[in-house]
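Beneath this line is the structure, given in structure tokens, with notes to follow.
Just so it is clear, none of the values below were taken in a lab; they were calculated from the coordinates. These numbers come from a predicted model, not from an experiment.
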């Protein structure tokens, strides 16, 4: 691939949703399915107040950057509060989830070292 710079403009993209993920909404920002990129995928997740991304794991490492809001990072050993500006590193196969505990939508940027989000296989805990 030749050297390039890609600019994602989240405000110009529509939120996506699927019955599989309930009330959660997301946008793909840098992803090989929509941009001519590889080796990294970035997206935005929107969680409404009192809703959650259930406890899950996946093989790629992940970063969360909390754009806006306040949430509870769900972990088997101890939950922790996360808020605007926080950055969370999640290692391979580490169980994690997020619950919005604020009054407004919680928006999180996710980053995977994959070509696209579709490559990430979620293993939800019951």
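List of remarks:
- Kirkwood Rh in Å, taken over the stretch 26-124 so that all alpha-carbon pairs contribute: 13.5
- The slack in the chain from residue 78 to residue 119, taken as 0.36 nm per residue of separation less the alpha-carbon distance, amounts to 11.9 nm.
- Inter-part distance, the stretch 4-46 to the stretch 54-126, computed on C-alpha centroids, equals 15 Å.
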